[in-house]
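Working notes for the structure below.
The values are calculated or read from the model by the stated rules, or taken from the named source; none is laboratory data. Fair warning: this is a prediction, and the values are worked out from it, not measured in the lab. Here the Cβ positions follow ideal geometry from the backbone for every residue, glycine too, while neighbour counts run over all protein chains shown.
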């Protein structure tokens, strides 16, 4: 299953929901793996496809050991790959990392992968990641089921094309909620810098931000 959520700031709520509810809804196989990546345009240089997949693997490995606290040994799949590549002096390819995610994933009943703010990912890197995101739910390895959620602003043609058949959910913030969030942010910044700000300037800032947000 693939879901494209056209909004920001929803991933943390989704992650908590999955961890708190889905595990109790799978009595026959309660292991639910959750891994997520937050894309930041300021950190594009380090968020390569290889780094992204490696981060997902690391999180799934932590999830796996959390279910078996008595066994904190490294997954044999990870150890085997490390030993082989270390001897050759090589780093894993994208294909090898994808297979490793599948191998670790079979130890869960379901695996949820969440990609937050994908629109902030470099377009060239996104071209590499999108096939991975769209093909993974179709992969078959035992009874493993992968579910993908992507969040981002709905303006990127490559994302809209890749997830044309995915379920979509558009979340539009209420204006009053936005005003409250902006007001709290202003007050926090003012308190941090010990500056004073007039009520009129605060109102002007809120009005300007809302107008710019409406054009996005």
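Some values worked out for this structure:
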quantity: Residue within the range 94-101 that is under 23 Å from residue 19 (Cβ atoms), at pLDDT 90 or above and in the same structural domain as residue 149 (by TED's automatic domain parsing) present; calculated: yes
quantity: Pick from the range 137-159, criterion at pLDDT 85 or above and touching a strand residue (DSSP E or B) at 6+ places or on another chain (Cβ under 8 Å), ranking: surrounded by the fewest Cβ atoms within 10 Å (Cβ to Cβ); calculated: 147
quantity: Condition check for residue 105: touching a residue at least 60 places away in the same chain (Cβ under 8 Å) and either on the phi > 0 side of the Ramachandran plot or surrounded by 18 or more Cβ atoms within 10 Å (Cβ to Cβ) (or both); calculated: yes
quantity: Failed item, numbered, when residue 192 is tested on (1) modelled with pLDDT of 80 or more; (2) outside the structural domain of residue 131 (by TED's automatic domain parsing); calculated: (1)
quantity: Residues of the range 37-83 satisfying the condition of being surrounded by 14 or more Cβ atoms within 10 Å (Cβ to Cβ), in contact (Cβ under 8 Å) with a residue 60 or more places away in the chain and out of contact with any strand residue (DSSP E or B) (no Cβ under 7 Å at 6 or more places or on another chain); calculated: 44, 47, 48, 49, 53
